[in-house]
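Step one of this worksheet: look at the structure below.
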Amino acid sequence: MAQTPQTPPALFDRALLNARQRRAQALGEVTFLLDRVAEDMSDRLAAVMREFHAPADLWTPGEGLAALGTRLPAIARIAPDATGAETLPFAPESLDLVVSALALQFVNDLPGVLAQVRRALKPDGLLLAAMIGGDSLTELRQAFAAAEAECEGGVSPRVAPFADLRDIGALLQRAGFALPVTDVDRVVVRYGNAFALMQDLRRMGAANVLIERRRTPSRRATMLRMAEIYAERFADADGRIRATFDVIWLSGWAPHASQQQPLKPGSAKASLAEAVKKMGER
């Protein structure tokens, strides 16, 4: 009997995420990361020598990719579902390009979303996205864990778990993308203190939206100790602290006959053993 695929457990309260992103836009967003990604995405698309006639922007917050409008005037902007649902409104083989900036890190079912994007792309259509991953905010995570263990005798989820580069590459292959490519852009930002960093995260709409997050206010003593530990472990000589953001870039193509194909096993005309033997004879 075939097994029914299980729905992965939900990590993020996506309805809360949407509300916090709207609040951040009303307060005045902090967009330095999104601006950097938008510029990089424009450069990466410029290297792709083709025209896109049916592009879509998937869940990029705010006006993050507005700069792409010059090259992609017909781009359809897909806003997150207000209920947090992750079902995409795309017909099969209806798009030739999907872009997304700093949104996929908050997806509960990333394999499922990538599979939906893959189905929505026409043959030889492109996915190009950037998401937070890797060791992002590792300093804040460590400082909070140490402070809570010291002041409260336990640790609560504070910083979202992030996928690493190898995970993303494997997920692209699993979703059926051809020619998958991933790379990381590490951005280190400096702040006067940990509270300034947390204020920026709120104004990015990126404060804690974990479903298992702590629901009661943090103790003042814990917060102060967290800031102390952060400064003790991650400050530069001038006293300013470091915050790491790893931006993972991912791209993949819907399969098409024109694409370069890997060689079939056993089709090579010369064996590795023979090549090594010849090298040894020189």
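The values are calculated or read from the model by the stated rules, or taken from the named source; none is laboratory data. Remember, predicted model here, so these are calculated numbers, not experimental data. The accessibility values were calculated without ligands, DNA or RNA, using every heavy atom of the protein model including side chains. Shrake-Rupley method; radii C 1.70, N 1.55, O 1.52, S 1.80 Å.
Just check the range 107-242 against the gyration tensor rule for me: Cα atoms, a ≥ b ≥ c as the square roots of the eigenvalues, rounded for a/c under 1.5, and otherwise prolate or oblate depending on whether a/b exceeds b/c.
prolate
Quick one: with all protein chains in place, what share of the accessible area of the range 21-105 is carbon or sulfur, to the nearest percent (1.4 Å probe)?
Carbon and sulfur together cover 54 percent of it.
Counting alpha carbon pairs within less than 8 Å and at least 6 residues apart, what relative contact order, in whole percent, applies to the chain? Numbers along the way, then the final one.
Details: 443 pairs, mean separation 67.4, N = 282.
Taking the mean separation of contacting Cα pairs over the length of the chain, I get 24 percent.
Which percent, nearest 5, of DSSP beta bridges in the chain are antiparallel?
Counting only bridges with both partners in the chain, antiparallel ones make up about 65 percent.
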